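Presented below is the structure to which this report refers.
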Amino acid sequence: MADETPKPDAPGGVPGGDLPPEAAGRPDAADEALRLAAEVDTLQGQIADLTDRLLRAHAEMDNIRKRAERDREDTAKYAISKFARDVVAVADNFERAVQAVPAGAAEQDASFKALVEGVTMTERELINVFERHGVRRINPRGEAFNPHQHQAMMEMENANVPPGTVLEVYQPGYVIEDRVLRPAMVVVSKGGAKTSRPAAGEASATAGEVPAGSGGPESNP
């Protein structure tokens, strides 16, 4: 009876012996490692992209929250801006009424004096109400000109004050919190302050001193 065992060099023979059927279709270990590494890289890229999107979404939500808080604060601060801008004209009228009274006229008539005092008290109370609600009057006479709060109506030569000093206030201004409701209308100085000169005959503190070694009276025995 002939030996039917295939030899290693025979056609269809497997070098090194027989392999199990499942080993015939198994991929190479190096190729499998490369495939897994590629999948890991892909997954890591997706994780990084999702993480970046999540961080951006959190940042955007935080910005929206801060913007909403800022808008809410601004609304609370400046909600009465339009109303206050209209009412400050009433305060101007009170001030004009008081300034229109001739000097000493109120002292000659008790009824007229009471009327002037009533108008003055009403104006003062109105200003106090403004301040309780964050509205403040600007009356910058003698202060430096501020283009953000003042409106220059004209310039006037005045060498007694530094240039840019408010000399007169035609109309006071108003601010609400840190915003200008109405700029103050002012007259601004130009020129410059006078330079101080020593009076004639004014001696210096050391005028009477004799320098050492100059042969003064104390140098003679």
Practice item. Those residues that are open to solvent by 90 Å² or more (accessible area, probe 1.4 Å) and of a type outside the set (A, V, I, L, M, F, W, C), I need them from the stretch 78-92; list them, please. Key: K82, R85, D86
Practice item. Collect the residues in the stretch 112-121 that are open to solvent by 90 Å² or more (accessible area, probe 1.4 Å) and not charged (D, E, K, R), keeping them in residue-number order. Key: L115, M121
Review point. What number goes with the only condition from (1) loosely packed, with under 10 Cβ neighbours inside 10 Å; (2) part of a helix (DSSP H, G or I) that P102 does not pass?
Key: (2)
**Study point:** Total residues in the stretch 24-59, condition open to solvent by 90 Å² or more (accessible area, probe 1.4 Å) and either under 49 Å from the mean Cα position of the chain (by Cα) or in contact (Cβ under 8 Å) with a residue 40 or more places away in the chain (or both)
**Key:** 11
Revision key, fill the gap. Every listed condition ((1) among the polar types (S, T, N, Q); (2) within 30 Å of E73 (Cα to Cα); (3) open to solvent by 80 Å² or more (accessible area, probe 1.4 Å)) holds for Q149 save (3)
Point to revise | Residue, surrounded by the most Cβ atoms within 10 Å (Cβ to Cβ), within the stretch 152-178, restricted to residues that are at pLDDT below 90 and under 28 Å from the mean Cα position of the chain (by Cα) | key: E177
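The values are calculated or read from the model by the stated rules, or taken from the named source; none is laboratory data. What you see is a predicted model; the values in this text were computed from it and never measured. Neighbour counts run over all protein chains shown; Cβ positions are idealised from the backbone, glycine included. Only protein heavy atoms, including side chains, enter the accessible area calculation; ligands, DNA and RNA are left aside. Shrake-Rupley method; radii C 1.70, N 1.55, O 1.52, S 1.80 Å.
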